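**Student:** Provided herewith is a single structure, encoded as structure tokens, for subsequent inquiry.
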């Protein structure tokens, strides 16, 4: 009778232990199943006679140990059981212990630290950029739109069709900056090495209160930057084309403007440098020399500024300052200040921003490059 009762108790303990093991709580399973001949969490080590108890050390503490006391049993994203955080990228990993995310897509857990210890290799169409667009650079390739007002040029609800210089304008940028080829580290945010990018954009200006929202002008850019990054420094060279065009609806509404159309063109060699003073603050400067000119342009263009953009996923404030000076304006030009709120996410920490913008200086539509504007408004921008 006693033996039958012991057998029933032992059977119940085995069932409970198996259930707990299936739910991954193996520490509790071992405590429930106090049988020396059965071990659900480890094989019998060699050299120990059958029936001898196996002592399994308690799980070590750590954020990536699902069995550590106080942890929920979940493994952190990007870290697999049996794979240490410090495992060098590209090292052989036993079957069944592969990382949850392929190394070629970057390591988000290391995206905010140095990448100098990662190996260099070839990457076609890599994720991420070594030289990012200037946040307040109004001629940079991105997706964005801004609603800007200058009361000195006209009323806020300016419906005039006989002039491109209206009180409120709607400036947009429809463009992108993407990587084509990289020889460098595989991480997506602030990678190191060499990279060839492709850029392009259309930058239309509309009169939002005119009949049919007429197009006033549009600048087009296309470029092939060659970039290099190491540590806190980034460098850029390559080719960039910009051409300006008067809006067709402006010329239809005002035939006299056809004779005033200015074919402004720049075919430039770019030379830029950026430095992350901190993880969140970048300073930059650039000199472009145009080898192809038209419409009053002259060779030298200077760009400079600062971007404050916290390098972490989620929301945070941002601030950006940008200046542009050109030889045809006796090295005058314009400057832009932006401030607002940003959201960053993805392996490359792409950025969505919404905020206020102040513009002062010669027009950023280079069809009208000698026209002074002082505008204030708001915008939304997305950077890859």
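The values are calculated or read from the model by the stated rules, or taken from the named source; none is laboratory data. The shown structure was predicted, so the numbers you read here are calculated from the model rather than taken from an experiment. Neighbour counts are summed over all protein chains in view; Cβ atoms, including those assigned to glycine, are modelled from backbone coordinates with ideal geometry.
**Student:** State which residue pairs qualify: first residue in contact (Cβ under 8 Å) with a residue 24 or more places away in the chain and on the phi < 0 side of the Ramachandran plot and inside the range 370-384, second residue outside any strand (DSSP E or B) and surrounded by fewer than 20 Cβ atoms within 10 Å (Cβ to Cβ) in any location, beta carbons under 7 Å apart, and separation of 6 or more residues or different chains.
**Tutor:** Hits for this filter: 371/165; 374/152.
**Student:** Going through 186, 155, 164 one at a time, which residue ends up being within 18 Å of residue 349 (Cα to Cα) and either in contact (Cβ under 8 Å) with a residue 40 or more places away in the chain or assigned to a loop (DSSP other than H, G, I, E, B) (or both)?
**Tutor:** 186
**Student:** What single numbered condition from (1) over 30 Å from residue 182 (Cα atoms); (2) buried (at least 19 other Cβ atoms within 10 Å of the Cβ) fails to hold for residue 199?
**Tutor:** (1)
Results for (1) within 20 Å of residue 298 (Cβ to Cβ); (2) touching a residue at least 24 places away in the same chain (Cβ under 8 Å); (3) touching a helix residue (DSSP H, G or I) at 6+ places or on another chain (Cβ under 6 Å); (4) buried (at least 16 other Cβ atoms within 10 Å of the Cβ), shown as yes or no for each residue.
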| position | (1), (2), (3), (4) |
| --- | --- |
| 247 | no, yes, no, yes |
| 251 | no, no, yes, yes |
| 265 | yes, yes, no, yes |
| 270 | yes, yes, no, yes |
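**Student:** Report, ordered by the first and then the second residue, all pairs with beta carbons closer than 8 Å, sequence separation of six or more or different chains, a first member in the range 193-217 that is on the phi > 0 side of the Ramachandran plot and modelled with pLDDT of 95 or more, and a second member that is surrounded by fewer than 19 Cβ atoms within 10 Å (Cβ to Cβ) and in a loop (DSSP other than H, G, I, E, B).
**Tutor:** The qualifying pairs are 193/120.
**Student:** If you go through the range 324-336, how many residues are crowded, with 17+ Cβ neighbours inside 10 Å and assigned to a strand (DSSP E or B)?
**Tutor:** Residues meeting the conditions: 6.
**Student:** With the requirement that a residue be within 28 Å of the chain's Cα centre (by Cα), surrounded by 20 or more Cβ atoms within 10 Å (Cβ to Cβ) and part of a strand (DSSP E or B), what does the range 356-374 give you?
**Tutor:** 357, 359
**Student:** Being touching a helix residue (DSSP H, G or I) at 6+ places or on another chain (Cβ under 6 Å), closer than 25 Å to residue 367 by Cβ and loosely packed, with under 15 Cβ neighbours inside 10 Å is the requirement here; does residue 258 meet it?
**Tutor:** When the stated conditions are applied, residue 258 passes them.
**Student:** Checking the structure you have, find out if any residue of the range 222-241 is surrounded by 22 or more Cβ atoms within 10 Å (Cβ to Cβ), outside any strand (DSSP E or B) and touching a residue at least 24 places away in the same chain (Cβ under 8 Å).
**Tutor:** no
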